[in-house]
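No lab work stands behind these numbers, since they all come straight from the coordinates. These figures come from a predicted structure and were not determined experimentally. FYI the Cβ positions are ideal-geometry reconstructions off the backbone, even for glycines, and counts take in every protein chain you see.
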Amino acid sequence: MHQAGASVPKPITQFENILVMEFIGERGEKAPLLKEVNLSIDEYHEIFKNLIEDVRKIYQVARLVHGDLSEYNVMIWKGRHYIIDVSQAVKVSHPNANEFLIRDLRNIRKFFTDIVGLEVPSLENLYNYVVGNANELEEI
Ligand SMILES: Nc1ncnc2c1ncn2[C@@H]1O[C@H](COP(=O)(O)OP(=O)(O)O)[C@@H](O)[C@H]1O
Ligand SMILES: [Mg+2]
């Protein structure tokens with residue numbers, strides 16, 4: 001995901017099922033989750049757009065689906081989002097990849113509409129944009 005250009009903690013080293021990665025935060029104090037921050041509507045809007053761009057890169061370039069994407073698995077640090085908790089990610093060739101992608105998009109969409117109060121593109125448009133069936137997001 002990092003190589004695909006998505007905003008994730010930088011991987012440092014890996015041994016068997018252990019991945020050591022960049023710490024998001026400072027002096028041992030972790031950055032807050034998307035769920036925990038209080039941002040302006042414009043900042044939320046920017047984060048929403050950047051998150052969708054990342055889901056698209058993760059799908060089209062890394063050929064992966066996160067599989068547990070929500071406001072609990074996105075950290076916010078210095079105005080930037082970091083997608084975390086990727087151990088359950090699947091390849092786009094996985095038989096359930098489509099279902100997981102739709103669930104990821106639905107979770108993210110629900111947070112930004114119901115909790116933040118943002119107007120966002122339809123689930124269908126988000127899906128088509130991520131998988132490359134649509135070249136742009138609906139303007140909201
Ligand atoms: N790279 C990181 N830097 C700082 N804190 C992190 C990092 N990755 C995870 N965390 C913190 O640890 C918590 C748990 O990590 P996560 O990967 O979401 O595992 P799980 O949800 O399975 O327990 C996150 O909610 C976050 O607060
Ligand atoms: Mg988590």
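Just to be sure before I move on: is Val86 more than 16 Å from ligand 2 (Cβ to nearest atom) and in contact (Cβ under 8 Å) with a residue 12 or more places away in the chain in the structure I sent? So that I can check it myself, show each step before the final result.
Details: more than 16 Å from ligand 2 (Cβ to nearest atom): no; in contact (Cβ under 8 Å) with a residue 12 or more places away in the chain: yes.
Here the answer is no, as Val86 does not meet what is asked.
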Selected residue (criterion: farthest from Ile52 (Cα to Cα)) from residues of region 18-41 that are away from ligand 2 (no atom under 16 Å from the Cβ) and not charged (D, E, K, R): Gly28
Given (1) of a type in the set (A, V, I, L, M); (2) crowded, with 20+ Cβ neighbours inside 10 Å; (3) within 22 Å of Ile140 (Cβ to Cβ), number of the condition Val65 does not satisfy: (3)
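Counting only residues that are farther than 25 Å from Phe15 by Cα and away from ligand 1 (no atom under 13 Å from the Cβ), how many does region 81-92 have? Full working, then the answer.
Here is the first cut: in region 81-92, the residues farther than 25 Å from Phe15 by Cα are 81.
If we keep only those that are away from ligand 1 (no atom under 13 Å from the Cβ) too, we end up with none.
Within region 81-92, residues that are farther than 25 Å from Phe15 by Cα and away from ligand 1 (no atom under 13 Å from the Cβ) number 0.
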